[in-house]
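Notes to accompany the following structure.
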Amino acid sequence: MSKSKKNVVDPEDLIERYGADTVRMFCLFASPPERDLEWSDQGVDGSFRFLHRVWRLVDENLAPLKSAALYTGDEVLSAHLRDLHRKTHQTIKKVSNDIEDRFHFNTAISAVMELVNDVHKVCRG
């Protein structure tokens, strides 16, 4: 968004419609910090849908999550769970590197989106 390009959007309107988390996520995901933000209504809608997908995924699996035993590494995991465990640790490493070392929130969010897709596949069987 930029005044010179006359594509300024009032964040208050967006926050009222989508919520602050969606607006923050879109702003961080849409562009690396050193570049201008290219506005996209579809991008905001996508961020909104993604956050709701995460919410539904947790909400639908809350009981099993609460009753799950702590993984110690001694248990034998199915191939899907073993791959998901590995992907989770890879994502943590990537997100940490992207935020702490490179300050690239967009690629960190992308990595989390990939992980959520993998979690969704495992939960859906």
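The values are calculated or read from the model by the stated rules, or taken from the named source; none is laboratory data. Small disclaimer: the values here were computed from a predicted structure and weren't measured. Here the Cβ is made from the backbone with ideal geometry for all residues, glycine too, and neighbour counts use every protein chain on show.
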Only one of (1) part of a helix (DSSP H, G or I); (2) closer than 18 Å to K121 by Cβ is not met by G46, so which one is it?
(2)
I want to confirm something. Restricting to the range 67-118 and keeping residues that are part of a helix (DSSP H, G or I) and among the hydroxyl-bearing types (S, T, Y), which single residue is surrounded by the fewest Cβ atoms within 10 Å (Cβ to Cβ)?
S67
Of the criteria (1) touching a helix residue (DSSP H, G or I) at 6+ places or on another chain (Cβ under 8 Å); (2) of a type in the set (D, E, K, R); (3) free of Cβ contacts under 8 Å to residues at least 40 places away in the same chain; (4) within 30 Å of E12 (Cα to Cα), which one D45 fails
(1)
Quick one: which of R35, R53, R49, R24 is modelled with pLDDT of 90 or more, under 17 Å from I109 (Cα atoms) and exposed (fewer than 12 other Cβ atoms within 10 Å of the Cβ)?
R49
Identify all residues within the range 9-29 that are in contact (Cβ under 8 Å) with a residue 12 or more places away in the chain and β-branched (V, I, T); write none if there are none.
V9, T22, V23
